[in-house]
Structures are given as structure tokens and as C-alpha cells.
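Novice: First the structure, which I've put down as C-alpha cells, then a few questions once you've had a look.
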Ligand code: BES
Ligand code: ZN
Ligand code: ZN
């Protein structure tokens, strides 16, 4: 899809293009002009638009485009496109491009016949703004990266193993300034990453630790590190999930996929920062070799962990990655993970949970969430909660070992991870609520690709 601007208006553009105008009615219709040109009046209703509702409006427009199978459309100029929302022209262009690409996406790799509709061209009429065009370019880059993350995540578990995930990271980042290093089982053993090894034990597929390094900043500048959960399939292990709960668990590496996508966008945008991406990747399977409830794992940090539930595997692999992150002396570490069903219970499907002890960071992430469209909402990480992570035989337990384990599960995940966050500023994003779309998101079934755009925003603006 090519997004461009033109100084021309409807009357001087070819008739074959579907010309869209916005009207404040609730329904849409076609209107024929005197000269034979067909206009599509897109009913946007009378609501007072905000950046939030503007995003959805753009996605709804793509629904119409798909329904009518248009190949080429023109849209109104910048002022009309803004719908009264008070944002800069570059941000407006980014919003349009990003959401058009996001809404166009479908996961069709596994269809024997590809019947997918592709819009080839969008022209913004009477627009000469350089800022707007720059926004279109940026939105396109971020959306492409987000859709790549969706492709990787949506790939079924049988075809997306830790090895394939590592290969995909290399493929996606080839030709960019991101250096990808993949550590195999032997190297993971050498690093004494006992938590990753424990989770991986039940699978015939060996674990991988994926390291992505982008040096866009000054040589000695402390980097930002993104850590993405890379469980390529989560059966729950011996504490096995019921059938329904296992259905989407090929998406349990979405955190990792979004880190890969974000690294690509960061490199393509040429962001002048040092950014590192880390993905601890394993498959959580059931076999005679599986780690058991009651096993005690020794993590890379030296801390020991009682495995009270083999389904709380995400925090285990992340623990080792958070320790590994220390070698970069980072100024900020953000982990992204489909960590708990409890985050969905707490927040529903419209925001990821963010946990950090730093109030200012929480506030910044919340603002970046509003700006990127990847909304986050804070949960507390107070000492009262951290106390519940004590182990029985080991130092820590991977699920709540005292109090009522049915309460505050998302916080318990964050509290566990806080023991492994080193001497750096850290936030944990439990993105389980945003793994798949909520009603009204106007996004294809499967992975949403969030929070790729948020990570790019952090790299750029933090
Ligand atoms: N990957 C799951 C969490 C999940 C569930 C993500 C549903 C997205 C949708 C995670 O590994 C898990 O199983 N967590 C357990 C933790 C529990 C054992 C403390 C959960 O949420 O039940
Ligand atoms: Zn699990
Ligand atoms: Zn999991």
C-alpha cells in the first residue's frame, strides 16, 4: 500500500479512484457528482473525536475499503482528516498510516488460496505538508514492524519453535544495523541459566537465547534493554492447562515477537540510541523429561526458585534474561510478556498491565501508551505484595506461596520478577490482556502486535 499526498482535489483526480469524504452522519453512502465522479460519504457520526477514537475510525474505514474491494482511494486533506483532534501533522500522518496498515493485515500464510484484498494506493488530497508525509513514512515503518511481529506470533506452535524464532529474528533484522547473536543450549548451560533450562527440559526442542544489539547512540551511552518472553508454546507443563486455555498458547512468544519487530523499526527509523533486545525462548511441554512441581531451580543470579506450578514458566525464563541484562549496565530495562491470565481478570482486554517501583517511569509509560495507542495501566509493586514471593525450600517460589494465591496474580508475577531486576530502572509489562484483539478494535483475529509501537516510542522518546 502506497500512501502519498497530492495538491490536487477531487475534481482534478482520475474518476477511477474512489474519493472518500467524511460526513457527520452515522451511516455511509455513495453520491454521484455532476461530472460523473463517485464520492463515498463515510459516516463518522457526530462524536467529538480524540486520538483514541480517530484510530478506530481509520480502522473502520479500512473495513469499508475491504468490503468494496477498492484498489485506490483518495482521502481529504490534513485539516479534515484531523477531525478536530489537536495533534501535530506528523502525528496525524503517523496515525493514519499506522492504523491503515494495521487494519489491512490478515494472517493468510496458511490459506491454500489467497483471497486477501490489497489496497494499492491512498492519496491525501490538497495536502502539501512535509510533516504529514514524514508521519506517513514513520507510521508505515512502525506498522510494518508490528505486522511482522504478528506474522511471527501467529505462526502455529508446531512451526514456531525456539530455533525458528531465532532464525526469524535473524531474517527480520538482516540488512539493518542490528547485530543478532543466538545462544544455544550449551551456551545457556555455560551461563548457568537454570530457569530457562528447567522450563525447556520437557521439550525435544532446545532453548535459545536471542540477543539483538543496536548501537545508534554514542559509544558509551547506557542502552535501553527490551526483554521479550519467548515461550513458543505453553502447555502449562505437568501443571497442565485445560484444552480451551491452551488453544492460543502458540502466542506465548508475543512479547519476544514484538521486541524483534521493535528492533527492526528502531533500526529503520535510525533512532539515535543504543538499544538491546533479549529473548529467552523455550517450549513448555509435557514429557518424561519435564521439570516437575516441587523442583528447585538455580537461576543465573544464584537465587533458587521452588517450582510450585510449571505453568508459571514465563517469569522463570524472564528471570535469567533480567540477570543477563545487567552486563549492559542499562539505564532502563523493560520486559514484555504474556505473563498471567490474572492481568486479563484485572484489566479486561483494553490495556496491558505495567508494574514498576518508579512513579515517574510509570507516568511516562502511561503517556507513551496514550501516544502510541498501546495503552497500559499500572498495578502496584509494594513490599506488601513482594512478601508473597518467598520460597519454601528455595529462596523464592514461582507462584504465590502464602496468602490467597487466587488474588493479585498479575502483581505476583511482577513481584517475582522484581527480585531479578538488577541495578537498573525497570518496568514489567504484562501484555496478556492485549495478546489478541478486544471487541471494537477492528483488528484481525490472532496477535494484535502490541506493544511494538510502545517499545519504539520508548526507544525514541525516553
Ligand atoms: N502464558 C500464560 C499466561 C496467559 C494466559 C497469557 C492467558 C495469555 C492468556 C502463563 O504462562 C501462565 O500460564 N500463567 C499462569 C500463572 C499461574 C500458574 C500463577 C496463569 O495465568 O494461570
Ligand atoms: Zn504458563
Ligand atoms: Zn506462558
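Novice: I'd like to know if region 225-233 contains one or more residues that are away from ligand 3 (no atom under 15 Å from the Cβ) and under 29 Å from residue 374 (Cα atoms).
Specialist: yes
Novice: So how many residues does region 88-130 have that are surrounded by 15 or more Cβ atoms within 10 Å (Cβ to Cβ) and either over 24 Å from the mean Cα position of the chain (by Cα) or at pLDDT below 95 (or both)?
Specialist: 9
Novice: Could I ask something else about it? Provide a single number: the residues in region 390-412 that are out of contact with any strand residue (DSSP E or B) (no Cβ under 6 Å at 6 or more places or on another chain) and buried (at least 19 other Cβ atoms within 10 Å of the Cβ).
Specialist: The number of residues fulfilling the criteria is 6.
Novice: Right, another one. Return the only residue of 322, 297, 344 being within 16 Å of ligand 1 (Cβ to nearest atom) and assigned to a helix (DSSP H, G or I).
Specialist: Among 322, 297, 344, only 344 is within 16 Å of ligand 1 (Cβ to nearest atom) and assigned to a helix (DSSP H, G or I).
Novice: Suppose we filter region 247-270 for residues that are surrounded by fewer than 24 Cβ atoms within 10 Å (Cβ to Cβ) and either under 17 Å from residue 446 (Cβ atoms) or touching a strand residue (DSSP E or B) at 6+ places or on another chain (Cβ under 8 Å) (or both); how many remain?
Specialist: Result for region 247-270: 5.
Novice: Also, I was wondering about something else. Of the residues that sit in region 298-321 and are surrounded by fewer than 24 Cβ atoms within 10 Å (Cβ to Cβ) and within 11 Å of residue 393 (Cβ to Cβ), which one is nearest to ligand 2 (Cβ to nearest atom)?
Specialist: Ranking the candidates gives 308 first.
Novice: Now a separate question. Please pick out the residue among 38, 51, 123 that is in contact (Cβ under 8 Å) with a residue 40 or more places away in the chain and farther than 16 Å from residue 2 by Cβ.
Specialist: Sole residue among the options that is in contact (Cβ under 8 Å) with a residue 40 or more places away in the chain and farther than 16 Å from residue 2 by Cβ: 51.
Novice: Could you count how many residues in region 265-292 are more than 18 Å from residue 461 (Cβ to Cβ) and in contact with a helix residue (DSSP H, G or I) (Cβ under 9 Å, 6 or more places away or on another chain)?
Specialist: Number satisfying all stated conditions: 9.
Novice: If you don't mind, there's one more thing I want to ask. Do you know which residues across region 293-303 are more than 31 Å from the chain's Cα centre (by Cα) and in contact (Cβ under 8 Å) with a residue 40 or more places away in the chain?
Specialist: 295, 296
Novice: Just one of (1) in contact (Cβ under 8 Å) with a residue 60 or more places away in the chain; (2) crowded, with 21+ Cβ neighbours inside 10 Å; (3) away from ligand 2 (no atom under 16 Å from the Cβ) trips up residue 379, so point out which.
Specialist: (1)
Novice: Is it fair to say residue 199 is closer than 19 Å to residue 460 by Cα, within 16 Å of ligand 3 (Cβ to nearest atom) and either at pLDDT 95 or above or touching a helix residue (DSSP H, G or I) at 6+ places or on another chain (Cβ under 8 Å) (or both)?
Specialist: no
Novice: Out of region 234-261, which residues are under 12 Å from the mean Cα position of the chain (by Cα) and more than 13 Å from ligand 3 (Cβ to nearest atom)?
Specialist: 257, 258, 259, 260, 261 - these are the residues of region 234-261 that are under 12 Å from the mean Cα position of the chain (by Cα) and more than 13 Å from ligand 3 (Cβ to nearest atom).
Novice: Looking at (1) assigned to a loop (DSSP other than H, G, I, E, B); (2) under 20 Å from the mean Cα position of the chain (by Cα); (3) within 14 Å of ligand 1 (Cβ to nearest atom), can you tell me which one residue 312 breaks?
Specialist: (2)
Novice: Considering every residue within region 230-246, establish whether at least one is surrounded by fewer than 19 Cβ atoms within 10 Å (Cβ to Cβ), at pLDDT 95 or above and more than 16 Å from ligand 1 (Cβ to nearest atom).
Specialist: No, because not a single residue in region 230-246 is surrounded by fewer than 19 Cβ atoms within 10 Å (Cβ to Cβ), at pLDDT 95 or above and more than 16 Å from ligand 1 (Cβ to nearest atom).
The values are calculated or read from the model by the stated rules, or taken from the named source; none is laboratory data. Remember, predicted model here, so these are calculated numbers, not experimental data. Every residue, glycine as well, gets a Cβ built from its backbone with ideal geometry; the counts of neighbours run over all protein chains shown.
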